[in-house]
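What follows is a single structure, written as structure tokens, with notes after it.
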Amino acid sequence: MSLQSFFQNKGTHFQHSCPYTPQQNGIVERKHRHLLNVGRTLCFQANIPLCFWRESLQTACYLINRLPTPLLKHKSPFELLHHRSPDYSVLQVFGCLCYATNLLPKHKFDARARQCVFFGYPLGKKGYRLYDLTIQKKNFLPRCGFP
């Protein structure tokens with residue numbers, strides 16, 4: 001494995017768990033179940049088809065990492081990692097209708113916005129993950145005003 005030398009340098013003894021024995025890896029299994037429960041809830045609540053399960057899980061992870069928890073003395077994992085509170089003003093409702101600005105209209109009477117569905121937050125970008133209903137394509141757009 002590529003990480004074994006890293007673990008050895010850090011003094012960590014790496015072990016594999018046996019196949020089909022989730023009880024050997026209890027903490028990870030509970031976190032995995034928590035992530036799936038939140039992702040499934042986002043899909044069901046927004047009435048989103050299952051083909052968007054990746055977006056729901058990514059958004060669930062984003063939200064879980066920004067929610068305060070009693071296990072961390074009412075701080076979020078984001079806060080402990082970055083030493084600052086997360087910006088909650090960027091949060092939007094998963095699966096809601098939104099409008100993306102059409103930056104390059106071809107004609108002066110073209111629509112200035114496109115109907116989209118909000119699907120989360122892209123990794124490493126200050127923007128939103130949107131699904132364009134007109135062309136049926138996923139887009140990453142910069143953060144801007146939300147209706």
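Points worth noting:
- Crossing angle, helix 26-46 versus the chain [Cα axis fit, 0-90 degrees, rounded to tens]: 20 degrees
- Rg to Rh quotient for the chain, alpha carbon positions, Kirkwood Rh: 1.08
- R0 of 41 Å, Cβ-Cβ distance Leu36-Asn9: FRET efficiency to nearest 0.05: 0.80
- Projecting the Cα positions of Ile48, Leu3, Leu103 onto the charge dipole of the chain (unit charges on Cβ atoms of Lys, Arg, Asp and Glu, taken about the Cα centre) puts Leu103 furthest along the positive direction.
- Computed from point charges on the beta carbon alone (+1 for Lys and Arg, -1 for Asp and Glu), the dipole magnitude for the chain about its Cα centre is near 280 Debye.
- Pairs of alpha carbons in the range 35-79 whose separation is greater than 17 Å (percent): 37 percent
- Glu79/Gln115 FRET efficiency (R0 30 Å; Cβ-Cβ; nearest 0.05): 0.25
- Gain upon complete extension [Gln136, Val93; 0.36 nm per residue less C-alpha separation]: 13.5 nm
- Charge tally for Glu79 (other residues, Cβ to Cβ under 12 Å; Lys, Arg +1; Asp, Glu -1): +3.
- Based on C-alpha pairs under 8 angstrom that are at least 6 apart in sequence, the range 40-147 has a relative contact order of 18 percent.
No value in this document is a laboratory result; all are computed from the given coordinates. It should be emphasised that the depicted structure is a prediction, and the values quoted were computed from it without experimental measurement. Reconstructed Cβ throughout: ideal geometry from the backbone, glycine too, with neighbour counts over all protein chains shown.
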